[in-house]
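The values are calculated or read from the model by the stated rules, or taken from the named source; none is laboratory data. Note that the structure is a prediction, hence the values are computed from the model and not measured. Cβ atoms come from the backbone with ideal geometry, glycine included; neighbour counts cover every protein chain shown. Only protein heavy atoms, including side chains, enter the accessible area calculation; ligands, DNA and RNA are left aside. Shrake-Rupley method; radii C 1.70, N 1.55, O 1.52, S 1.80 Å.
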Amino acid sequence: MTRAFAAARAAAERGEVPVGAVIVRDGAVLAEAGNRTLSDRDPTAHAELLAIREACRALGTERLIGCDLYVTLEPCAMCAAAISFARLRRLYWAAPDPKGGAVEHGPRFFSQPTCHHRPETYGGLRESEAAELLRGFFAERR
């Protein structure tokens, strides 16, 4: 999670919403990314999707079986779908996202009967640190 926070802080320095993600398998980091929606001019360039793409390239497969994702904010519906499709084993996140989250909030993607793969989920890790990072970022923009 420490590396996910570093990626989130780097995203904030670029003017991106400070969300970072890291994918790990057997203790080795396969991928890490921060949000790049503005710099890439791509609404799908969320940290989770970028990390999933990088890890899939590193492994040469479309499935990330046995891999865990650490992210600083509860994933949205788009990212939750990608997590399911990638067959990630575990999802760890820091801050909940009552407005845009899709794991414990909103559509609760992994609880839907149409969801084919449900990772183990663990929320609230370093929650206050993530919330402060996000609050500070948005306070500077107001």
query = In the chain, which helices (entire DSSP H runs) extend 15 Å or more along their own long axis, judged by Cα positions, while averaging at least 0.5 on the Kyte-Doolittle scale?
reply = 47-59
message = Let's see if you can work this out: charge +1 on each Lys and Arg Cβ, -1 on each Asp and Glu Cβ, no other charges. What is the dipole magnitude of the chain about its Cα centre, in debye to the nearest 20?
response = 180
inquiry  = If I build a Gaussian network model for the chain, linking alpha-carbon pairs within less than 10 angstrom, which residue out of 52, 23, 65 has the largest mean-square fluctuation?
reply    = 65
request  = Provide the per residue accessible area, probe 1.4 Å, for segment 12-142, rounded to a whole number of square angstrom.
outcome  = 52
request  = List the trypsin sites (Lys or Arg not before Pro) within segment 1-59 that fall in a DSSP loop (any state other than H, G, I, E or B) and whose Cβ has at most 16 other Cβ atoms within 10 Å.
outcome  = 14, 41
inquiry  = Can you give me the long-range amide H partners of residue 72? Hydrogens built in the peptide plane at 1.01 Å from N, cutoff under 5 Å, separation of 5 or more residues or another chain.
reply    = 20, 94
Sequence-distant residues sharing a close amide H with residue 66 (under 5 Å, placed H) = 89
message = Would segment 1-126 count as rounded, prolate or oblate if I go by the C-alpha gyration tensor, calling it rounded below 1.5 in a/c and otherwise prolate when a/b exceeds b/c, oblate otherwise?
response = rounded
